[in-house]
1. At 7 Å along Cα-to-Cβ for each site, give me the label-to-label distance between residue 134 and residue 169 in nm.
2. Per-residue counts of other Cβ atoms within 10 Å, averaged by peptide: what ranking do you get for 119-130, 45-56, 75-86, highest first?
3. Given H placed on each backbone N at 1.01 Å, which residues far from residue 23 in sequence or on other chains put an amide H within less than 5 Å of it?
4. Please report the spacing between the Cα centers of the range 85-113 and the range 168-182 in Å, no decimals.
5. If you average 1/r over all unlike Cα pairs in the range 53-93 and invert the result, what Kirkwood radius do you get in angstrom?
6. Which net charge results for the neighbourhood of residue 194, defined as the other residues with beta-carbon distances under 10 angstrom from its beta-carbon, given Lys and Arg at +1 and Asp and Glu at -1?
7. Normalise the Debye intensity by I(0) for the range 104-178, one equal point scatterer per Cα, no solvent, then take log10 at q = 0.18, 0.24, 0.26, 0.28 Å⁻¹ and round to two decimals.
8. Provide the descending list of Cα extents for the range 49-166 along its principal axes, expressed in whole angstroms.
Amino acid sequence: MGARGIAAALAAVAGAVTARAQTCPAPAGAAPSLRAATASARHAFLAGALARERHRGRWWNLGWGWGFVAATAGQAAVGAAIDEDSALCRACQFVGAGKSAIGVVATWVLYPVRVRAVAPRAAPTCADVAAAERALADAAASERVPWLRHAEGIALNAAGVVYLGLAHDEWRNGLIGAAVGVAVGELRLWSRPRGAIAALRAYRAGRLAPARATNWHVSPTFGGAAGFVVTGTF
């Protein structure tokens, strides 16, 4: 290798080392330790957190979405197969199917967990860090559950009770269905992944060292018998 080749190689190595040691502006309110961290360390933390939450969010979306699809189809099929005066309450089955269908829309269309992955980079720029910061902030916002979501589920089930009671005189079955519906809805909301929220808090505090987190989530399962599956890391 000639002198020019050696010089070019040394320049490339020096550039990579400089890029890895580069520091970038930190978000407002961030800890001083984050401002002192290198762009490489910050980007590696952000990319890792986003990759983990993308996986968790994907399975939460799939589990609850397909669970509600199965519940919708199952209740509609039962309602279509039984008589009007059946003890299973034909109208209750169709109301339950309707509520489950709304659950599908809420999970897959209105309020899915949305996490954008960020590709790891050996020598990230400040623009790369800023883009990853926005992605983590967006993921954390997607995971938050405002009180209005709880109120929506309660209102939906209350409407089902009123309809079944007034139109079909099925107050008892309506209340039972509402109790089950509220319980399932709350389980769905409380099982929503929250890792991005915790990661964003740790990032802004400058805690970039990888830590083994305790995470759990619940999703419905349908096979030989319907139920719920709980998974987690400890």
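We did not get these values from a lab; they are worked out from the coordinates using the rules stated. Values in this document were obtained by computation on a predicted structure and should not be read as measured data. Every residue, glycine among them, receives a Cβ derived from its backbone with ideal geometry; neighbour counts consider all protein chains shown.
1. Here the answer is 6.2 nm between the modelled labels.
2. 45-56, 119-130, 75-86
3. It is 39, by chain and number.
4. Using only Cα atoms to place each centre, the spacing works out to 13 Å.
5. By the Kirkwood definition, the hydrodynamic radius is 11.7 Å.
6. Details: positive: 56, 144, 192; negative: 53, 143.
Neighbour charge sum, excluding residue 194 itself: +1.
7. -0.82, -1.03, -1.10, -1.17
8. Taking max minus min along each principal axis of the Cα atoms, the range 49-166 gives 70, 26, 15 Å.
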